[in-house]
Structure formats: structure tokens, C-alpha cells
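The values are calculated or read from the model by the stated rules, or taken from the named source; none is laboratory data. As the structure is a prediction and not an experimental result, all values here were calculated from the model. Here the Cβ positions follow ideal geometry from the backbone for every residue, glycine too, while neighbour counts run over all protein chains shown.
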Amino acid sequence: MEKNAKGFEFRKFATPRIIGGIAIAVIILWALSIIFGTPQGPSSDETAVRQLDSPAGSDDRSKSTLAEHPPAADPAAKGHTTAAADHGAPTRTGAAGQGPTTHVVTTAQTADGSHTAPATGQSAAHGTPAKATGAAPARQPEPHQQPVAAADHSAQTGGHGAASQPAAKQGAAGHAMPTTAAPVHKPTPKGVAFVEATIKPLSYELEERWWGWRPNDIIEFTDNVNTFQLGVLEVTRRTVVALAERISRTGVTDSLDPNLEDAMNWFMVKASSYWFPSAESKYQEGLEELQAYLEKLKAGKATFYTRADNLIPLLASFEDLLGSCDENLVKETYDDGTPISMFDVDNYFFYTQGVASSMATVLEAIHHDFLITLESRNATELLHHAIISCQRAAEMDPWIVLDRDLSSIFANHRANMAAPISHARFYIGQLIKTLST
């Protein structure tokens with residue numbers, strides 16, 4: 001009994017210590033295996049395939065992976081890797097008497113999801129055949145297999161894999177980006193703006209003004225609009241004459257453009273002509289002739305010269321017209337000494353306003369088409385002031401045109417109109433002198 005009791009006590013004492021020692025030994029061996037063991041990374045085949053199938057934005061990660069775990073290379077191949085294809089999986093073949101040769105199978109995925117690559121045995125990065133000295137020849141793909149490209153040394157170090165397109169045509173994910181050609185804008189020929197500005201004021205009075213052309217009405221229901229249209233017509237006449245005789249010709253020996261010659265003649269029809277011919281019909285024909293000249297100008301079949309000596313006659317004609325308007329605005333009596341009638345006061349005002357309105361349009365076109373000529377003579381500021389003055393005159397819109405004494409508390413609208421007209425005439429005169437020097 002005493003021996004049995006001692007044996008039981010010994011087992012009770014030794015068993016937990018033995019089990020604990022074994023557990024401690026297992027833990028120590030496991031820790032040592034973690035500390036001194038080498039973790040197995042991905043194989044070279046998987047690394048190359050993962051690098052080539054990854055987006056362009058993961059190039060840096062692919063480079064680091066290849067740098068840490070380079071694929072196995074055949075010593076006889078001098079660092080180059082050959083290609084083979086077998087259902088998209090990596091294959092390993094060995095030559096007789098040599099070590100195993102690693103073959104990396106890579107495919108490039110296009111935007112539509114299909115896998116395409118260059119012919120077997122070519123470099124994916126350079127497009128040149130991959131050469132292997134002393135290596136076993138690559139096995140050709142069978143008919144049911146897709147052709148694949150080998151990842152050569154440059155593909156492994158460059159990090160771009162199967163990038164067969166230029167870098168400029170690839171997006172962030174390596175896909176081809178569409179290229180669009182920039183639209184080509186042809187410059188507007190010189191003279192287009194000028195001719196359009198010549199057509200616009202009179203075209204509005206004939207086609208867009210309510211009741212149309214009014215100076216030749218048998219019964220004149222209006223008076224102010226009638227005289228306004230006469231001012232527009234006068235500016236159109238002088239502009240077309242200068243265009244036909246000067247601006248569209250190289251000199252006095254050059255022939256007149258037939259469209260401009262006809263337009264010049266049609267605009268000379270009397271404004272009050274009612275029938276045989278009617279003023280409206282002839283003015284409309286004149287605008288059509290100007291439009292025909294404009295189309296030839298756009299097609300390069302007509303001429304328009306932006307020389308200073310071509311522009312000066314038109315500006316001189318405008319200066320004369322503004323001088324006549326200025327005189328009618330400031331004079332207090334007729335030539336026979338009688339006071340200005342109240343019926344003529346508004347006629348002078350609205351005729352001048354029609355002149356200023358259409359002249360501002362033409363002067364703006366001159367600034368556009370003759371800009372180089374004006375800048376070469378430092379004349380753009382003078383023309384700008386003339387345009388502003390004409391626009392100020394055209395914007396006046398009194399309810400009733402009054403002609404009170406200049407010291408009266410009531411307005412004298414003729415004198416108010418005369419101020420910007422005098423400024424416009426002055427600046428045009430200075431512009432002529434500047435262009436003449």
C-alpha cells in the first residue's frame with residue numbers, strides 16, 4: 001500500500017511537468033521556425049502574369065515584386081526568357097543535358113475583354129524577336145490555342161508589360177484613348193464685315209421696319225420715321241459709291257465690279273419715287289447686288305483693298321455729310337433770313353439721327369476690316385471717338401423735339417444733337433489727316 005501510494009504521488013507530480021515541457025518545446029520550435037524560416041513568395045510565373053494583367057497605375061508595385069522575386073532564368077539563355085503557350089498556363093521544358101528553362105506566358109487584355117498579343121517569340125515591350133542562345137526552342141501554340149507574347153528582360157524591368165500602343169494614346173488603365181482632330185476655322189476674308197454693315201441699316205428699313213419704306217407714301221401718316229430713313233439712305237449711297245469706285249479697285253485703271261456698279265445705280269433712285277420704278281424695288285435690287293458681291297468676296301472671287309488711300313475718300317464723304325447735318329442743327333434762320341419753321345426742326349433732328357445710326361454701323365466695320373491699317377498710323381483711338389459720338393447721337397429719343405432758346409429752361413434738341421455730331425465730324429477730320437501722313 002505504501003509503494004502504491006508513492007507511485008501515485010510520483011505520477012501526479014511528473015505528469016503536468018512533462019506535458020508542460022513538451023508544450024514549451026513545441027512553442028519554442030514554432031517560434032524558431034517563424035524567426036529563421038524564409039516565407040515563400042509568389043512564383044515567378046505568377047508574378048509576371050500578375051504584372052502584365054495589372055493596370056498601368058500599378059507599375060510601381062509590379063516593379064518591386066519582380067525585383068524581390070525575379071523569375072528563374074536559363075543560364076544558357078543569357079538572362080532572356082522565351083515564350084510558350086499552353087492554354088494560358090506557364091509551362092517548363094528542359095533541353096537535353098541542361099537545366100530547366102522557364103517560359104512565361106503573358107496575354108494583353110484589350111478594352112473589349114479579349115486577349116491579344118504579338119506573335120510568339122517577340123518582345124512585348126520592343127516588338128523585336130526574343131533571342132535565346134543555346135536555349136530550347138519555344139513550343140508553337142496548337143491550332144486551338146491563342147497566340148501569346150513573351151515577357152523579355154526589358155518587360156520585366158520596365159514595368160509596362162504588354163503595352164504595345166504608344167504611351168500618348170493610353171489612359172490611366174492602359175486602354176487606348178480616342179483622338180479627335182481640332183476643328184479648323186477659316187479666317188473671314190477682309191471686307192465681309194464692311195459689306196454686311198453697308199447692307200444692314202437699309203435692309204432693316206425696307207424689310208423689318210413696320211410699314212416699310214415711307215418717304216414715297218402717297219399719304220404720309222408719319223413724318224419722323226420718313227426723315228430718319230432718308231438719313232440712312234444717304235449714308236448707304238455714299239458707302240456704296242466709295243466701295244465701287246475705290247475700295248474694291250486697285251486704282252483708276254481697274255474695272256468696276258458689275259454688282260457694285262448696279263447697286264450704286266439702283267440706290268440713286270429718288271426716295272419719293274412711287275412707281276416706274278418704285279424706290280423700294282430698286283433699293284431691294286441694290287441690296288441683292290451687294291449680297292452677290294459679298295458671296296463672291298467670301299469665295300475669293302472679288303477684291304477688297306484695305307489701303308489708307310482707299311479709305312480716305314469714304315471718310316471725307318462722311319465728314320461732308322456730318323458738316324451739312326451740323327449746320328442744319330445750329331442755324332437759326334433760312335438763307336432768306338426767316339426763322340426756322342417748327343415743322344423742319346424735327347426733320348433736321350431725325351434726319352441727322354438716321355445718318356448717325358447708320359454711320360456708326362459702317363465705322364465699326366471699318367474698325368474691324370481696316371484695323372491693321374489704322375494701327376500702323378496710330379488712328380484707332382480717333383476712330384473709336386467718332387464711333388462713340390455717332391452712337392450718342394443715335395441714342396437720343398425725346399418724346400417731343402423742342403427748339404427753345406439756348407438759355408431757356410426747356411430743351412433745345414437740335415443743339416443737343418449738334419454736340420455729338422460736331423465731335424464725330426472733328427474726329428473723322430483728324431482721322432483723315434492721320435491716314436494721309
- Query: Is it true that Asp335 is modelled with pLDDT under 95, of a type in the set (Asp, Glu) and either outside any helix (DSSP H, G or I) or not assigned by TED's automatic domain parsing to the domain that holds Ala197 (or both)?
  - Reply: yes
- Message: With more than 25 Å from Glu395 (Cα to Cα) and buried (at least 21 other Cβ atoms within 10 Å of the Cβ) as the only criterion, which of Leu256, Leu297 stands out?
- Response: Leu297
- Of those in segment 303-315 that are surrounded by 15 or more Cβ atoms within 10 Å (Cβ to Cβ) and assigned to a helix (DSSP H, G or I), the residue farthest from the chain's Cα centre (by Cα) is Pro313
- If Asp326 passes every condition in (1) under 29 Å from Thr303 (Cα atoms); (2) part of a helix (DSSP H, G or I) but one, which one does it miss? (1)
- Going through segment 274-303 in order, the residues found to be over 21 Å from Thr239 (Cβ atoms) and among the hydroxyl-bearing types (Ser, Thr, Tyr) are Tyr274, Ser278
- Select from segment 225-253 the residues that are of a type in the set (Ser, Thr, Tyr) and within 23 Å of Leu322 (Cα to Cα) and write down the one among them that is surrounded by the most Cβ atoms within 10 Å (Cβ to Cβ). Thr239
